[in-house]
């Protein structure tokens, strides 16, 4: 048996435009605080690498010097993670009128009109249907109709791709600029790596925002990654909505405009334990972050043949995987949808 819960019904709701503007303002303030911290971290790395690192490391043997690189690699993502947590606590975020929790994400809240924590209907939107949008095919539908086209690119995806495009080019340029090569001695190489990380942190805080989303859309259209026809764009805001969110909610993921006629969903539907499912999804994201942090440490431990470190990293990863299985069991996620073949 699946656990079901009742979603609370509320009468006081936000205007969709008021909520969107409020969340955009809070998000902009959070990004500004994060960028300031990123600049400070990057400058700290540059100062340490330029004036202190080589003299400080000279008093240690090579193995100890290599071990000191672990906190160098781990310090900046940990600090930025604390900054994200700080922003969630102190930011002027909208509060759900049903459960009182802060709402930090526009997706899929604006499209579903529901709180991401308690799933209560909290947004009021009196706009009529905006005709002209055609929902892209799923992978199964595309294979069945042999159309050869499914949409996996949307405006939110392009925002994330900016970082993926900038990161490798920036790191290659910095490695060339600092002269990192296999013939360098260990101490100068470590100094150059510390300085490289500092410049990279500052660059990643500034450069992605300089790339225009409309320009990336035009490039994707010219490369035929997305079609030139207008049927995939929201008629109201002109963005490319998330196809999965539009399919579930009938609304644009960027502006919340009504794009598709779907069956009316009751205000208080029976559903899975929302909080347990959310904890499971959060756990999966946390596991991916843990794996990304442990991987360079594992490589360094393998090179140094530090078996205690390898055993410790393996134990941490095993605990993370066990926690994922535990959260999935508590969430009782079904293997098959009771209303379809998926």
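The values are calculated or read from the model by the stated rules, or taken from the named source; none is laboratory data. Small disclaimer: the values here were computed from a predicted structure and weren't measured. Here Cβ is always computed from backbone atoms with ideal geometry, including for glycine, and neighbour counts include all displayed protein chains.
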Point to revise | Residues that are out of contact with any strand residue (DSSP E or B) (no Cβ under 8 Å at 6 or more places or on another chain) and not in a helix (DSSP H, G or I), drawn from the stretch 11-31 | key: 11, 12
Practice item. Kindly check whether there is at least one residue in the stretch 207-223 that is more than 13 Å from residue 158 (Cα to Cα), in contact (Cβ under 8 Å) with a residue 40 or more places away in the chain, out of contact with any strand residue (DSSP E or B) (no Cβ under 9 Å at 6 or more places or on another chain) and surrounded by 14 or more Cβ atoms within 10 Å (Cβ to Cβ). Key: yes
Review point. Can you find a residue in the stretch 250-262 that is farther than 18 Å from residue 164 by Cβ, in contact with a helix residue (DSSP H, G or I) (Cβ under 9 Å, 6 or more places away or on another chain) and exposed (fewer than 15 other Cβ atoms within 10 Å of the Cβ)?
Key: yes
Point to revise | Condition check for residue 326: in contact with a helix residue (DSSP H, G or I) (Cβ under 9 Å, 6 or more places away or on another chain), on the phi > 0 side of the Ramachandran plot and either surrounded by 10 or more Cβ atoms within 10 Å (Cβ to Cβ) or modelled with pLDDT of 75 or more (or both) | key: no
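Could you say which residue among 42, 91 is touching a residue at least 60 places away in the same chain (Cβ under 8 Å), surrounded by 18 or more Cβ atoms within 10 Å (Cβ to Cβ) and over 30 Å from residue 332 (Cα atoms)?
Working: 91 fails: surrounded by 18 or more Cβ atoms within 10 Å (Cβ to Cβ).
Criteria check complete, one pass: 42.
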Practice item. Please verify whether the stretch 207-217 includes one or more residues that are modelled with pLDDT of 85 or more, over 28 Å from residue 34 (Cα atoms) and not in a helix (DSSP H, G or I). Key: no
Check your understanding: Just one of the numbered conditions (1) more than 23 Å from residue 73 (Cα to Cα); (2) assigned to a helix (DSSP H, G or I); (3) at pLDDT below 80 is not true of residue 262; which one?
Key -> (2)
Exercise for review: Specify which of the listed residues (86, 51) is loosely packed, with under 15 Cβ neighbours inside 10 Å, in a helix (DSSP H, G or I) and at pLDDT below 85.
Suggested key: 51
Review point. If residue 145 passes every condition in (1) modelled with pLDDT under 85; (2) surrounded by 14 or more Cβ atoms within 10 Å (Cβ to Cβ) but one, which one does it miss?
Key: (2)
Revision key, fill the gap. Just one listed residue, out of 34, 64, 105, is assigned to a loop (DSSP other than H, G, I, E, B) and either in contact with a helix residue (DSSP H, G or I) (Cβ under 9 Å, 6 or more places away or on another chain) or touching a residue at least 40 places away in the same chain (Cβ under 8 Å) (or both), and it is 105
**Study point:** Looking only at the stretch 174-188, and only at residues there that are surrounded by 14 or more Cβ atoms within 10 Å (Cβ to Cβ) and farther than 19 Å from residue 57 by Cβ, the one that is modelled with the lowest pLDDT
**Key:** 175
Exercise for review: Look through the stretch 120-137, keep the residues that are in a loop (DSSP other than H, G, I, E, B) and over 16 Å from residue 231 (Cβ atoms), and return whichever of them is modelled with the highest pLDDT.
Suggested key: 122
Practice item. Could you check, for the stretch 111-119, whether at least one of its residues is in contact with a strand residue (DSSP E or B) (Cβ under 7 Å, 6 or more places away or on another chain), within 14 Å of residue 24 (Cα to Cα), touching a residue at least 24 places away in the same chain (Cβ under 8 Å) and part of a loop (DSSP other than H, G, I, E, B)? Key: no
Review point. Here are 163, 240, 193, 202: which of them is outside any helix (DSSP H, G or I) and in contact (Cβ under 8 Å) with a residue 40 or more places away in the chain?
Key: 240
